[in-house]
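No value in this document is a laboratory result; all are computed from the given coordinates. Owing to the predicted nature of the structure, the values given are computational and were not obtained by experimental measurement. We place every Cβ from the backbone using ideal geometry, glycine too, and count neighbours over all the protein chains shown.
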Amino acid sequence: MPFIIYLARRCDCIDHPGQRSMHADPTPRWGGLALTVGMVPALFFLEIDRQVISFVIAILILIVIGGIDDCKRLGWRTKLFAILLSITTFVFLGGVSIRNLGFYGLDFNVRLGWVSIPFTYFCIVGVTNAINLIDGLNGLAGGISFMAFVFLGIGGMMSGEPVLGFICFSFAGALLGFLFYNFPKARIFMGDSGSLLIGFSLASLSILLTQGNNHIHAVGPIITEVDLYKAALSEEFALQPMFPVLILFVPIFDTLRVITVRLLLRKNPFHPDRSHLHHLFIKSGFCPITTVVALWTVTFLCGVVALLLIKQSSVPYLGIVLGLSLFVSWLADALGRKRKDQQKQLKEAKDT
């Protein structure tokens, strides 16, 4: 990590404080390169097949484009094109898509049919951008993503996908090392190279874990152990698609809420502002560390509940997600009203 920080400074890949920034000092932005280096060793344990190749090509595209954007500030169209190109590589070369939305009881299984491919694009773009948008405070996106990978890894182990679990734990380990340099005081930012990499990987691994179309296998001395592990499982089962949705509730809900509010106000849904959950906490008087820890806690509790429901249908997952959405919507509205009251009181105090 120190070398990446040094390299970013030498290349002038620096995030300078601005109107939307929550930091005061110029900070390097190439955290994604450090995360990539931390992930490389895991690839040596994977059998080379089309899914592995497609996944590696896809994340390399995002790392390159994200790394350039961290320095040169590319337009949103260029980044969107890179995301779509990565998804196309993963979906068509890897043969991966969301075909099933889960089991909802009484033999009611939601299958997508011809909608599968466009829905897969929508979900991966959504999660990738959700991680990118929530990366607004030191440690926020990194901590939430770390916990998400840990819970996805545990889910993979419990559902008979230890290789995918191993990949998730590898990402979690890389993020843990990154957090040491990013929280509470940031010596390096994740940058678009990191947020695009992490968001795409979370979405892609979630699809592989929940759709039963994983063909990624281990090689070398651990392959026997993996086979023994699978054989020792009393029951193999597919994770419900709502499992990763609950784990990633904070970034997904925050993104959907912000876009919905912008559309209702007839604003450009892709125009950046300071209306995200972490911005509302800060405006209401919470310090950045308290805000980050609060959103970490919500993610941790969502992950624990997801594991407790791991063998259930999608119905309880859906109920909890809807309940949380209503509660957090109320909370966001309350924080907004509190901010307006504070501004009103401040104005009245100045007038008197």
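What ranking do V292, V64 get, fewest neighbouring Cβ atoms within 10 angstrom at the top?
Numbers: V292 24, V64 12.
Ascending Cβ contact count within 10 Å gives the list V64, V292.
May I ask you to sort D69, D49 by Cβ crowding, counting other Cβ atoms within 10 Å and putting the fewest first? Present the calculation step by step, with values, prior to reporting the outcome.
Working: D69 21, D49 12.
Exposure proxy ranking, most exposed first: D49, D69.
Using the structure shown, select from K267/K338; K79/K267; K72/K267 the pairs with a Cα to Cα distance greater than 28 angstrom.
Going by Cα-Cα distance, every pair falls inside the 28 Å limit.
Run the quick spin-label model on L112 and W76: label points 7 Å from Cα toward the beta carbon, then report their separation in nm to one decimal.
Computed distance between label sites L112 and W76 equals 2.3 nm.
Would you list F166, F81, F200, F270 from fewest to most Cβ contacts within 10 Å? Working shown, then result.
Working: F166 19, F81 14, F200 27, F270 11.
Listed from fewest to most nearby Cβ atoms, that is F270, F81, F166, F200.
What ranking do 134-145, 36-47 get when scored by the average of other Cβ atoms within 10 Å per residue, highest first? Write down the numbers at each step before the final one.
Details: 134-145: 26.1, 36-47: 15.1.
Ranking the peptides 134-145, 36-47 by packing returns 134-145, 36-47.
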